[in-house]
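In what follows, a structure is listed as structure tokens, so that the remarks can point back to it.
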Ligand code: IPE
Ligand code: IPE
Ligand code: MG
């Protein structure tokens, strides 16, 4: 649903989403519109990542998850994949100082072990050096797909069952979800997708079960703090019912799924 850029973000406590996840889409189209190579769009996309990370902190969003590379993105032309991995390494190298200065904890979701060694090295270093920060978390979804995540979780859960660490008659989501990459993170409250596409493309399919979705036509390299604020305002205007009725919510205003 499109949102209005004019509406301000309400300052009221509890209305700012604690966890925002963004499907950063439209780098290629941004470049094509300007007659530039796709990689230039990705370069500008990195700038937009910096803008969004800062904006999220300024708006009081404590956890920001960015979908940076999907398991399906390996199927893109080799040169584009190589370019994206190079940019990722460059970004991590450059950004460490800023993460430390701004006290932002970095973490990842996705099959990190399949990324190039250089990227993994910088990820490990940045994650280790920012692990003690508690106020803001940036989660990069890298080589991430919800389906591979659930396969990995199911395998780990099965192994825990076989080892007697879990009980077969425990059928709770709370237990199973501890085996997902997001085990120690709350579910996203708001998922934003840029570029006008209105699909989830294998992103946080389980954790986003009750997320509010906001779709904006803005191409990712053009995404600004105002766009993030507008998405948050749209979020604040929604009624999250988690299966209850509107009347029930009035007597018990903070349900959880
Ligand atoms: C998003 O932009 C970046 C990645 C998926 C890595 P795209 O590269 O998908 O841009 P479009 O969709 O082709 O415009
Ligand atoms: C989703 O965008 C993945 C990322 C933003 C990293 P895509 O551009 O890959 O998604 P589709 O192919 O349009 O569904
Ligand atoms: Mg795309």
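This table checks each residue for (1) within 16 Å of ligand 3 (Cβ to nearest atom); (2) more than 14 Å from residue 140 (Cα to Cα); (3) touching a strand residue (DSSP E or B) at 6+ places or on another chain (Cβ under 7 Å); (4) modelled with pLDDT of 95 or more.
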residue: 6; (1), (2), (3), (4): no, yes, no, no
residue: 15; (1), (2), (3), (4): no, yes, no, no
residue: 31; (1), (2), (3), (4): yes, yes, no, yes
residue: 34; (1), (2), (3), (4): no, yes, no, yes
residue: 40; (1), (2), (3), (4): yes, yes, no, yes
residue: 63; (1), (2), (3), (4): no, no, yes, yes
residue: 68; (1), (2), (3), (4): yes, no, yes, yes
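Which of the residues that make up region 182-199 are modelled with pLDDT of 95 or more and either out of contact with any strand residue (DSSP E or B) (no Cβ under 9 Å at 6 or more places or on another chain) or closer than 24 Å to residue 105 by Cβ (or both)?
182, 183, 185, 186, 187, 188, 189, 190, 191, 192
What do you reckon, is residue 66 within 18 Å of the chain's Cα centre (by Cα), within 12 Å of ligand 1 (Cβ to nearest atom) and touching a residue at least 24 places away in the same chain (Cβ under 8 Å)?
So residue 66 fits the description; yes.
The values are calculated or read from the model by the stated rules, or taken from the named source; none is laboratory data. Since the structure is predicted, the reported quantities are computational estimates derived from the model, not experimental observations. Backbone-built Cβ (ideal geometry, glycine too); neighbour counts: all protein chains shown.
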